[in-house]
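Here the structure is laid out as structure tokens; the discussion comes afterwards.
Here, each number is a calculation from the coordinates, and none is a lab measurement. Since the structure is predicted, the reported quantities are computational estimates derived from the model, not experimental observations. When we count neighbours, we look across all protein chains shown, and the Cβ atoms used for this are built from the backbone with ideal geometry, even at glycine.
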Amino acid sequence: MLSTQNLGHEDGANGFADGPCDSPIREVRGLDNAKVGKYYPRGSVLFVEGQQPRGVYVLCEGRAKVSIASAEGKTLVLRISQSGDLLGINATLTGQPYGATAETLERSRIDFISRADLMKLLDRDKKAYLGVAQSLGNKLSGVIEHTRLLFLSQSASEKLARLLVRWCNELGKRTPQGIRISSGLTHEEMGQMICASRETVTHVLGEFKRKHIISLVDNAIFVRNRKSLEAVARC
């Protein structure tokens, strides 16, 4: 498990940040006075699974991976959080330990709001409740979709195809070469999303490439034939 000494909030930030942050709680009165905005470099650990909650992290710019780990050290990446997500909101509301670990995938601008300040905002502004409810609803939808990917897919090829189709919708950018996906994850981390080994992910991506379903350029995946990918995914 990652050490709390590597937490980006104390050690990873490289300057204060300000500006609009498109999050579900952006219009809450008093938010500007309660938040602390900073930039975090890639690989900053915001919080770790099992740590007592200090507050919520609002992802204003950038991306972060959210993962859980077993006692044996196996890791499951649950999701890639996007701009606007509230990281650690469940634990912050309940007072229970963080249920997962959050780590930035690229340089990210993040607003931190302490648990005490968030509770005060929720107590005096009903808009805050609506924003938090929206965030929790989005997270639940993501959990359901990921559960569907893991348990209703028959093979590693189908799981990876489902993941790539989902990323086409969430991260994809249309280009002349196809739908460009830049997840920021290594093959090992992609395997951690579908419960497969790094070797399996590399092999399946190679098969997709040979079938001209995708092409691999640097760290990006280009989906050249989405219909064929969806056929593998059984969408």
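Largest GNM mean-square fluctuation among Val217, Val66, Val143, using the chain with Cα springs under 10 Å: Val217. Between Arg210, Arg42, Arg224, the residue with the greatest mean-square fluctuation in the GNM of the chain (Cα pairs under 10 Å linked by springs) is Arg210.
Once the chain from Val36 to Thr75 is taken as fully extended at 0.36 nm per residue, the excess over their C-alpha distance is 11.0 nm. A quarter of the convex hull surface defined by the alpha-carbon atoms of the chain gives 13.3 nm² as the mean projection. Note on the chain: helix-only mean residue ellipticity at 222 nm, from DSSP H runs of 4+ residues weighted -39500 (n - 2.57) and normalised by residue number, equals -12000 deg cm²/dmol. Dipole check for the range 148-233: with +1 at the C-beta of Lys and Arg, -1 at the C-beta of Asp and Glu, and the Cα centre as origin, the magnitude is about 400 Debye.
A Förster distance of 25 Å, applied to the separation of the beta-carbon atoms of Glu188 and Glu106, puts the FRET efficiency at 0.90. Any lysines with Cα under 27 Å of the Lys173 Cα? List them, leaving off those in the same chain fewer than 8 positions away. Excluding near neighbours in sequence, the set is Lys65, Lys139, Lys159, Lys209, Lys211, Lys227. For the range 169-184, backbone phi angles converted through the Karplus equation (6.51, -1.76, 1.60; θ = phi - 60°) give residue-by-residue couplings of 6, 8, 10, x, 10, 6, 9, x, 8, x, 7, 8, 10, 10, 7, x Hz, Gly and Pro being listed as x.
Against the chain, whose longest principal axis comes from its Cα atoms, helix 115-124 is set at around 70 degrees.
A run of the chain free of exposed loop cleavage sites, with GluC sites (Glu not before Pro) counted only in DSSP states other than H, G, I, E and B and at most 16 other beta carbons within 10 Å, reaches its longest extent at 107-235. To the nearest ten degrees, helix 198-210 and the longest principal axis of the Cα atoms of the chain are 50 degrees apart. Net length available on complete extension from Glu207 to Ala231 is 7.2 nm, with 0.36 nm assigned per residue and the Cα-Cα distance removed. About its Cα centre, the chain has a charge dipole of approximately 820 debye under the convention of +1 per Lys or Arg Cβ and -1 per Asp or Glu Cβ, with nothing else charged.
Phi angles of the range 104-109 translate, via the Karplus equation with coefficients 6.51, -1.76, 1.60 and θ = phi - 60°, into HN-Hα couplings of 5, 9, 7, 4, 9, 9 Hz per residue; Gly and Pro are given as x.
A straight chain from Lys120 to Arg26 at 0.36 nm per residue would run longer than the Cα-Cα distance by 32.3 nm. Where Lys and Arg each count +1 and Asp and Glu each count -1, what net charge lies around Thr104 among other residues with Cβ under 9 Å from its Cβ? So the surrounding residues net to +2.
Other residues with beta-carbon under 11 Å from the beta-carbon of Ser157 carry, at +1 per Lys or Arg and -1 per Asp or Glu, a net charge of +2.
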